[in-house]
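Everything below concerns the one structure shown next.
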Amino acid sequence: MKVAALAGGTGAAKLLRGLAQVIDPMDLTIVGNTGDDAEVWGLHVSPDLDTVTYALAGRLDVARGWGLADETFHCLDAMATLGGETWFNLGDRDLALHLWRTRALRGGQSLSTITAEVTRRLGVRSRLLPMSDDPVRTRIETPDGWLDFQEYFVREKAQPAVRAIAYVGAERARPAPGVVEALRDADLVLVCPSNPVTSVGPILSVPGVVDALRASRTVMGVSPIIGGAPVSGPAGTLMRARGLEVSAAGVATAYAPWLRTLVVDTRDREAPAAVGALGVRAVVADTLMTDRATEVALARSVIGAV
Ligand code: GDP
């Protein structure tokens with residue numbers, strides 16, 4: 001079975017790690033969010049692409065959910081001594097990837113070419129595509145003005161009130177090479193349990209992606225909301241800001257025009273009826289991934305539901 005997945009960071013990384021145990025990893029193509037890419041110390045940071053890469057390479061720091069395991073932060077300490085910006089945590093080993101990627105980008109290579117090379121060198125057997133090689137940047141409007149996503153999420157710890165969300169550059173962006181074909185040719189398009197507004201939303205904002213989803217054989221999502229709250233991160237606040245209920249039904253509402261099936265959590269007793277009322281088939285499973293075994297079990301439920 002060929003699977004194409006739309007992926008953000010932490011939630012997606014866990015499910016994809018499970019999925020790579022359940023299907024042939026070579027049959028998996030991942031379309032990663034680049035809306036929360038940023039520049040830190042002059043380096044190009046792609047947090048969601050890197051989280052997925054490190055997870056599939058077996059190198060992700062599992063406790064933090066980002067960055068490399070066995071990481072040190074001496075450069076960050078030295079930067080603090082210099083009075084440099086230190087709110088974004090770049091680890092010492094992780095810096096190598098950032099230096100390498102930034103130099104390649106400045107040399108004229110595309111983000112998708114660089115991502116393919118990085119995943120190959122780290123032994124990832126699935127294909128990881130950035131949603132676009134063109135810059136699309138998620139911006140958050142707060143009472144004090146517009147912030148880049150990482151300024152809102154990491155520097156301000158997602159505390160400011162959210163007035164609006166924008167995907168700057170989306171209207172001029174083209175899907176990266178292979179994205180539309182992967183969505184069109186997959187037996188299953190899987191929308192990972194990721195933030196619907198700032199992880200999946202930017203991918204959907206790239207012209208051509210929603211049309212490809214409408215034309216796909218079957219699209220199934222896994223709700224990132226369990227029992228009226230996200231498992232982690234600011235998805236609740238951002239969904240409310242978008243006028244969406246913070247529930248599996250709110251997730252189904254966001255994806256309803258093209259979503260066939262949504263996997264909802266066993267803890268959400270009202271979810272199947274509410275999701276069904278939106279014309280989306282609900283499948284019930286334990287969707288909380290706390291270790292490798294639960295990641296694989298959820299991946300099996302997803303494949304079993306197709
Ligand atoms: P962010 O952290 O909100 O910026 O977004 P990401 O899309 O990178 O990843 C976090 C999303 O994954 C949140 O919406 C979480 O609720 C969801 N998530 C994380 N772990 C799990 C899990 O074990 N199960 C489910 N169903 N969702 C999860």
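Values in this text are rule-based calculations from the coordinates and carry no lab data. Because the structure is predicted, anything quoted here is derived from the model rather than measured. Methodologically, a virtual Cβ is constructed for each residue, glycine included, from the backbone with ideal geometry; neighbour enumeration extends over all protein chains shown.
Out of all the residues in segment 172-190, is one or more within 16 Å of the ligand (Cβ to nearest atom) and closer than 27 Å to Arg300 by Cβ? Among the residues of segment 172-190, at least one is within 16 Å of the ligand (Cβ to nearest atom) and closer than 27 Å to Arg300 by Cβ, which makes the answer yes. Of the residues making up segment 1-19, those that are crowded, with 24+ Cβ neighbours inside 10 Å and either of a type in the set (A, V, I, L, M, F, W, C) or within 18 Å of Leu259 (Cα to Cα) (or both) are Val3, Ala4, Ala5, Leu6, Ala7, Gly8, Ala12, Ala13, Leu15, Leu16, Leu19.
Selection of segment 276-295 for residues being more than 12 Å from the ligand (Cβ to nearest atom), closer than 17 Å to Cys192 by Cα and not charged (D, E, K, R) yields Val280, Ala282, Val283, Val284. Being out of contact with any Phe, Trp or Tyr (no Cβ under 6 Å at 6 or more places or on another chain) and near the ligand (Cβ under 8 Å from one of its atoms) is true of Val231.
Only strands (runs of 3 or more DSSP E) whose full extent lies in segment 1-103 are considered here, and the ones with at least 2 residues that are within 16 Å of the ligand (Cβ to nearest atom) are 3-7, 28-32. For the structure I just gave you, tell me whether Ile203 is aliphatic (A, V, I, L, M) and either more than 17 Å from Gly178 (Cα to Cα) or within 9 Å of the ligand (Cβ to nearest atom) (or both). Considered against the rule, which asks whether it is aliphatic (A, V, I, L, M) and either more than 17 Å from Gly178 (Cα to Cα) or within 9 Å of the ligand (Cβ to nearest atom) (or both), Ile203 comes out as no. Count of segment 115-172 residues, restricted to those that are free of Cβ contacts under 8 Å to residues at least 24 places away in the same chain, hydrophobic (A, V, I, L, M, F, W, C) and out of contact with any strand residue (DSSP E or B) (no Cβ under 9 Å at 6 or more places or on another chain), is 0.
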